[in-house]
Amino acid sequence: MKFVVNLYLSPEAAPGPGSGREEFLAVAREAGELIGGHVLADPSVSVVVRARAGAAEVSEGPYLRAAEPLTGQYLLDCPSLDRAVELAALSAAGWPGGVEVWPLMDAGGMEM
Amino acid sequence: MTAPDRFGDLLRELAPQVLGVLLRRYGGFEECEEAVQDALLAAATRWPADGMPESPRSWLVTVASRRLVDQVRSEQARRRREAAAAAREVPDADVAAAPGEENPGDRDDTLTLLFLCCHPALTPASQVALTLRAVGGLTTAEIAQAFLVPEATMAPRISRAKRRIKASGAPFARPDAREWTERLGAVLHVLYLIFNEGYAASSGPDLHRRELTAEAIRLTRAVHRALPGDGEVAGLLALMLLTDARRAARVGPDGTFVPLAEQDRARWDSAAIDEGTALVSQAMATSPLGPYQLQAAVAALHDRAPRVEDTDWEQIRVLYGILGRIAPNPMVTLNHAVAVAMTRGPRAGLDLLEPLDDDPRMARHHRLYAVRGHLQELAGDGDAARENYSRAARLTLSLPEQRYLRARAARLAPRPG
């Protein structure tokens with residue numbers, strides 16, 4: 001099962017040097033459960049795109065304004081939601097913002 | 001069948017045999033497994049060009065042994081440099097002594113290897129990956145592709161599994177009688193997981209994942225050949241064959257699921273149904289009952305009904321009743337409830353679902369609401385059914401299931417005005 005771990009942080013708060021992300025990355029990588037991750041640039045540099053009458057209309061981002069915007073994401077492949085939460089808890093240690101585990105949809109399934 | 005397929009099938013068949021020979025001769029699971037992968041790769045590139053060697057198996061044993069000895073030598077050279085101490089050379093005689101070894105223990109080697117790869121020191125996900133590589137002869141890249149992760153994610157999963165096996169000190173030997181049932185259970189569970197991964201994916205466009213069902217059936221056949229008298233091994237093989245037999249009919253031309261009741265039975269694989277039915281009948285007549293046999297028996301009753309209305313729901317109800325007693329779990333309760341609904345009416349089925357509301361494993365599971373919605377629909381309670389289908393659609397993590405559940409809910413939508 002695949003999961004996205006979203007990290008949220010207010011622009012005022014800065015993650016301390018002792019944040020748990022190193023441990024999270026080491027554990028998830030060693031277990032073969034880390035697919036990837038990235039850190040997002042400041043929301044003010046994001047761009048919103050809309051299609052209007054066949055032309056792209058571009059405006060200043062972000063699309064969703066939040067007190068604690070999305071700052072980073074990891075992609076995991078784990079056997080269960082419990083395991084994804086266990087890993088995310090490592091990255092939440094020392095992280096002054098929000099951490100969210102979000103399952104992804106699968107293209108496969110079972111007929112009923 | 002194209003030439004690369006023919007080589008590929010043979011190589012995958014030979015992989016566990018060659019690994020077995022190396023393990024018995026040299027020991028060291030991690031090193032031997034690497035050497036066999038190297039030899040398989042060498043064969044896959046050289047045989048199509050040079051032609052198949054006279055004895056493919058001896059060729060692979062010889063090449064893998066050379067790789068292993070090279071590894072040991074370079075490791076020893078490194079140690080010599082580091083410790084400035086003379087290390088003992090591995091005498092060439094060991095390699096030269098590699099005879100053809102057409103060994104009656106080959107089949108046993110496959111099973112012994114499965115026991116090692118499904119060792120309890122590993123997580124199920126690692127057991128699955130290591131089994132596909134060391135017993136199935138797939139490359140890390142192929143396994144990664146089958147599980148839709150990058151090779152860089154799969155490689156550490158396999159390396160860690162091999163390190164854990166080394167650390168556990170598990171010998172290349174079958175478990176003793178005391179552990180036998182539990183360890184064989186772990187092997188069968190891993191094969192079942194591989195099958196399900198492939199079967200779930202076979203609704204999608206991904207051929208690589210679909211091959212997992214064939215791989216699971218191939219490995220389960222090998223276990224069945226090694227243990228022909230084990231009823232649960234036969235039961236699992238039968239369950240796989242009887243489930244896979246319906247594959248062609250389970251997805252409509254638009255990619256949506258076709259429920260069992262609406263499938264075109266002419267498209268089911270009758271040879272697989274015959275084989276699976278014979279296997280499970282024989283197993284149930286001669287061995288103690290087990291969960292795989294019971295599930296296979298249910299699958300056989302579905303598969304052998306010429307029309308959906310011919311389904312022997314009374315028998316299915318009895319089988320799920322027994323399964324619920326010997327291996328209770330909420331999924332069995334769900335299936336039992338459907339069978340009860342088909343024989344005693346939907347209300348009786350719905351009553352059986354009630355305790356599941358208090359089961360933490362099911363409270364957020366879409367299947368509970370999908371089944372409840374189905375039984376409410378049968379009972380004529382369209383509003384409640386629609387609500388449960390919608391709830392199930394929100395909870396499922398499968399796109400085709402979600403489409404199916406939304407369509408069921410939409411069918412029950414109240415007419416506007």
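The values are calculated or read from the model by the stated rules, or taken from the named source; none is laboratory data. For clarity, every value in this text was computed on a predicted model and none was experimentally measured. Glycine also receives a Cβ, built like all others from the backbone with ideal geometry; neighbour counts cover every protein chain displayed.
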ask   = Does at least one position in the range A:100-111 carry a residue that is surrounded by 10 or more Cβ atoms within 10 Å (Cβ to Cβ), away from chain B (no Cβ under 14 Å) and more than 30 Å from residue B:198 (Cβ to Cβ)?
value = yes
inquiry  = Given the options A:7, A:87, name the one that is of a type outside the set (Asp, Glu), surrounded by 16 or more Cβ atoms within 10 Å (Cβ to Cβ) and part of a helix (DSSP H, G or I).
reply    = A:87
remark   = Within the range A:71-80, restricting to residues that are more than 9 Å from chain B (Cβ to nearest Cβ) and modelled with pLDDT under 95, the one that is surrounded by the most Cβ atoms within 10 Å (Cβ to Cβ) is A:71
remark   = If we ask which residues in the range B:237-260 are more than 12 Å from residue B:404 (Cα to Cα), at the interface with chain A (Cβ under 9 Å from one of its Cβ atoms) and among the hydrophobic types (A, V, I, L, M, F, W, C), their number turns out to be 1
key: Some residue of the range B:321-339 being touching a residue at least 24 places away in the same chain (Cβ under 8 Å) and in contact with a Phe, Trp or Tyr (Cβ under 7 Å, 6 or more places away or on another chain)   = yes
request  = State which residue is nearest to residue B:260 (Cα to Cα) when the search covers only the range B:356-388 and only residues that are in contact with a Pro (Cβ under 9 Å, 6 or more places away or on another chain), loosely packed, with under 15 Cβ neighbours inside 10 Å and modelled with pLDDT under 95.
outcome  = B:361
Those residues of the range B:382-417 which are more than 12 Å from chain A (Cβ to nearest Cβ) and out of contact with any helix residue (DSSP H, G or I) (no Cβ under 9 Å at 6 or more places or on another chain), in sequence order = B:415, B:416, B:417
message = Would you confirm whether or not the range A:33-56 contains a residue that is outside any strand (DSSP E or B), within 14 Å of chain B (Cβ to nearest Cβ) and either out of contact with any helix residue (DSSP H, G or I) (no Cβ under 6 Å at 6 or more places or on another chain) or modelled with pLDDT under 95 (or both)?
response = yes
note = In the range B:143-169, anything more than 12 Å from every other protein chain (Cβ to nearest Cβ) and surrounded by fewer than 17 Cβ atoms within 10 Å (Cβ to Cβ) is listed as B:166, B:167, B:168, B:169
query = Of all residues in the range A:81-99 being within 14 Å of chain B (Cβ to nearest Cβ) and hydrophobic (A, V, I, L, M, F, W, C), which is farthest from residue B:366 (Cα to Cα)?
reply = A:87
ask   = Residues B:372, B:386, B:361: which one is of a type in the set (D, E, K, R), outside any helix (DSSP H, G or I) and free of Cβ contacts under 8 Å to residues at least 60 places away in the same chain?
value = B:361
key: Scope the range B:389-403; condition touching a residue at least 12 places away in the same chain (Cβ under 8 Å), in contact with a Ser or Thr (Cβ under 8 Å, 6 or more places away or on another chain) and not basic (Lys, Arg); matching residues   = B:400
